[in-house]
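Working notes for the structure below.
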Amino acid sequence: MKHESLGSAEREERHRALFTLSGVKKAFGSNLVLDGIDFELQPGEIHALVGENGAGKSTCLGLLYGLHQPTGGKLERNGDVVRIESPSHAQELGIGCVFQELSLAGGLSVAENIFAGRAPSRFGVVDWPELRRRAEALLAEFDLSINVSQPVDSLPISTRQIVEIVKAISMDSQVLLLDEPTSALTPDEVEALFKVLRKLTAKGIGIVYVSHHMTEIFTIADRISVLRDGKKISTTQTSQTSQAQVVSEMIGGAHPGDVERSDDQLGDVVLKVEHLSNDDHFHDVSFDVSAGEILGVAGLLGSRRSEIMRSLVGLMHGFSGAVYLHGESTGFRSLRDAMQAGIGYVPEERKTEGLFLEDTLYNNLAAASLDKHTRFGLVRRRSVISACESAIKAFRVKTTGPEEIIGALSGGNQQKIMLAKWLERAPALLIIEEPTKGVDVGAKFQIHTELQRRAADGMAIIVVSSDFPELVSLSTRILVVHEGRVMGNIAARDATEDSLLQMAAGLSAPARPSNEIPQEGMAP
Amino acid sequence: MSMAIDSDKAVSKNPMQRILKAFIDIRELTLLFMIAVIIIVMANLNPYFLSVSNFRALSVGMAPTAIIVIGMAILLASGGFDLSVGSVMALSSTVVAMMMLAGYSIPISVACSLVLGAAVGFSNGMLITGLGINPLIATLGTMSIARGIALVLTEGFSLSSLPKEFGWIGKASLGGFPVLVLLTLSLILIFDLAVRHTRFFRQVYFIGANEKAAMLSGIHVGRVRIIAYVLTGVLAALAGVLLASRLMSGTPTAGNGIELQVLAAAVIGGASLRGGEGTILGAFLGVVFVALINNSMTMLAVSIYWQMIVIGAVLVSAVALDMLIRGRRG
């Protein structure tokens, strides 16, 4: 551990630092988000910044990238006190940033996006061949050979994330801020990213690495700083700490551990899907889910797991096969139909598909269940607010109250409200995609607990996730899909992360479809 | 690890399909084709259609719209738009006339009305980026104010008996082509190239496609937006001056409703109210297309009321068709 006793060696080090935060405070209104943060970045170092959502990591990055200005303390760059006014000012100071939320312009080409606003030009006229050449050279570091003239829209998410990273690298920054850079990457791509990061640090570039993935952090980081509730808890050499230690510092002592799985008797079959096929996406998908059951759906990118779910809830059309809800044949023409039949669907993209970011918590909560709170055609605000207050309590949402604008909450807390919004409707079947994507350990625990409580109360739940350990600990059964085909339908207690990965990658033979052996996985 | 994204599935298709795809993808080609169809059909229906005098009337008539559509297309690409262009056009045409009647020289009068256009554009830009007022509301307000000022200044009357030399640009020809038309075409060409190839105007597309991303990329979003509104104001004022020169009068009621025609033409030409799309050439071809349809219907003695119905139907079907094609392509 490093403590701030300013010996001469320390002072020397401080002078050499790429930047230093000393006693930095940041308040939004009366809400103190950062409370006296000390943090520094040395040349050639990868310094991980970890903490639960809402701990202040994003705000820290925001301060360094000129999105916010500190309300107290000082920020030094190469030993000079600076005030970073805007992202363009940060770039001038040699600070580049990769955001968790993609910041690309979809319709424009890959090359233009990489050099957004900084395209090589002569007399203001863009030099297109040079632009493409430079973009290709940068992408080559990732062994990625794509046509840099194609629009970013046409790329898969993981490639877009690489483009985003390349964009930050292209700025020739001495400081690189990475906010969850691997959230959409495959293990191979993560490996390639780490290789590039090591090359950059060898050149003396310093990197601040924000992530929830402990394994990644312990692979790549030189030092780890833990934030909790706006305060810095510790800064440690990676070699001198452990994952358990860091996690317990993040959540303040108690380790939540694994959620207890309830193996109660299952109820009736709620949803039964037989031979569902769609020429373009998936083939002969059959499974069922019963009341009280959590069915995990495991699949990698391109497994078409979302397409299958979207077809079930009326968002995608043009498939053959049969869908039975409570034993009756159905086929929903729209999500509204599906909702009225008692199905809830929580989409993957929280910000674009799930929430009204500029609206209050209580309005977001009530958006899918207005009829419940309406009397004589009027929405009863008090009933909505009290529902919101109980959701805040149940999920331990970190907020100032139902009136707060949801966009101001951290990702994990937004996710909780989004889930609560659908639970409000008390659907017979809840389909939820990536329930804990980009969510910290604490929020993950609460979300899992709530889902299991609802299942115990008799709700049928389908959880689609690429977080396989999550599926193993949360589900009763797991359906594995690969390129639109069911590869297996196994009891979660028999599944391991490895066996799921093998199947999801299409490496092991398809198991017998579940409807030939109904509920067998559940027999004692 | 090596990945090759199948960047262009068209490569595997045969040449015929590729040409067809490019045709649908590139709005300019689709429009050129439809313009050609109209010309061929009309040439057979009415021999007068192909005459020099018809084309001259047509091209001179659409010059103001074509100049204004440049600004509108840039604004649409940036995710904004401007309803005040018609009023600015009227205001500048009356101001240039009043100043000349008051004895100021032609260059001074013209310069002042262009500065006035820039000032209205600047106010639009400040209202929208500085105060965060929705572009629809902000420019609806300035539209009413600018028109009101033009009417107050002239008490509603047109101002005529302008100096003879002022009519030169509006009337003169160069090698058989009206100067007005040559000027318009050069502006279209210059701005089309600028928007495609200069660093400044490329920023406009980033802002339109994803404003937050543009800001995080270090683009001065507010500054670029304001410049786009100022440019639109200046172009609208220029259109007003040229109109005054051609008609030899300043008209406070000029350009009434032109803002919606310009918007429609730009959208037909491939721009989108969502921003991030469209080119100057496309928007210009949209203007030509609409003007040709109007002209054809006049030649075929279709009533003016029916023309409005047809233009509305063309606008909606152009956008609907585009969405259907794109939707299917996924």
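Here are the numbers for this structure:
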{"item": "Whole-number Å³ per residue for the convex hull built on Cα positions in chain B", "result": "168"}
{"item": "Inter-chain Cβ neighbour average for residues A:181-194, partner chain, 10 Å", "result": "1"}
{"item": "Protection proxy ranking of A:488-499, A:103-114 - average other beta-carbon atoms within 10 Å, highest first", "result": "A:103-114, A:488-499"}
{"item": "Inter-chain shielding of A:119-130 (mean C-beta neighbours from other protein chains, 10 Å cut-off)", "result": "3"}
{"item": "The protein assembly as shown - mean residue ellipticity at 222 nm from DSSP helices (-39,500 (n - 2.57) per run, n ≥ 4, rounded to 500)", "result": "-15000 deg cm²/dmol"}
{"item": "Prolate/oblate/rounded call for region A:273-425, Cα gyration tensor, a/c under 1.5 rounded", "result": "prolate"}
{"item": "DSSP beta bridge pairing in the protein assembly as shown, given as percent antiparallel to the nearest 5", "result": "60"}
{"item": "Rounded to 5, the percent of DSSP beta bridges in region A:123-263 classed as antiparallel", "result": "55"}
{"item": "Tilt relative to chain B, helix B:106-125 - C-alpha long axis, 0 to 90 degrees, to 10", "result": "50"}
{"item": "Choice from B:ALA236, B:ALA36, B:ALA138 showing the highest fluctuation, given a GNM over chain B with Cα pairs closer than 10 Å", "result": "B:ALA36"}
{"item": "Neighbour-count ranking [beta-carbon atoms within 10 angstrom, fewest first] of B:MET72, B:MET215", "result": "B:MET215, B:MET72"}
{"item": "Distance histogram in 10 Å bins (all Cα pairs of chain A, percent per bin)", "result": "4, 17, 26, 25, 18, 8, 2, 0"}
{"item": "Least to most buried among A:ARG122, B:ARG223, A:ARG477, A:ARG132 (fewest other Cβ within 10 Å first)", "result": "A:ARG122, B:ARG223, A:ARG132, A:ARG477"}
{"item": "Inter-site label distance for A:SER248 and B:LYS164 at 7 Å from Cα along Cβ, in nm", "result": "10.0"}
{"item": "Only Lys, Arg (+1) and Asp, Glu (-1) charged, at Cβ; the protein assembly as shown dipole about Cα centre in debye", "result": "2560"}
{"item": "Burial order of peptide ranges B:43-50, A:82-89 (average beta-carbon count within 10 Å, highest first)", "result": "A:82-89, B:43-50"}
{"item": "Packing-based ranking, highest mean first, of B:109-116, A:293-300, A:134-141 given that Cβ atoms within 10 Å are counted", "result": "A:293-300, B:109-116, A:134-141"}
{"item": "Cβ-based exposure ranking for B:ILE304, B:ILE268, in which fewest neighbours within 10 Å come first", "result": "B:ILE304, B:ILE268"}
{"item": "In nm, spacing of pseudo-spin labels at A:ALA367 and A:GLU389 (7 Å Cα→C-beta vector)", "result": "2.4"}
{"item": "Karplus-derived 3J(HN,Hα), 6.51/-1.76/1.60, for each residue of region A:299-312, Hz, glycine and proline x", "result": "x, 8, 4, x, 7, 6, 5, 5, 4, 4, 5, 5, 5, 5"}
{"item": "Theoretical gain in end-to-end length, A:GLU274 to A:ASP80 [0.36 nm per residue, Cα-Cα removed]", "result": "63.2 nm"}
{"item": "Among B:GLY276, B:GLY175, B:GLY132: highest mean-square fluctuation, GNM of chain B, C-alpha pairs under 10 Å", "result": "B:GLY175"}
{"item": "Point-to-point label distance, B:LEU101-A:ALA491, nm (Cα→Cβ direction, 7 Å offset)", "result": "9.6"}
{"item": "Cross-link pairs beyond the 30 Å C-alpha cut-off, checked among A:LYS195/B:LYS21; A:LYS372/A:LYS416; A:LYS195/A:LYS231; A:LYS167/A:LYS416", "result": "A:LYS195/B:LYS21; A:LYS195/A:LYS231; A:LYS167/A:LYS416"}
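No lab work stands behind these numbers, since they all come straight from the coordinates. The model shown is predicted, which means the values in this text are computed figures rather than measured ones. Reconstructed Cβ throughout: ideal geometry from the backbone, glycine too, with neighbour counts over all protein chains shown.
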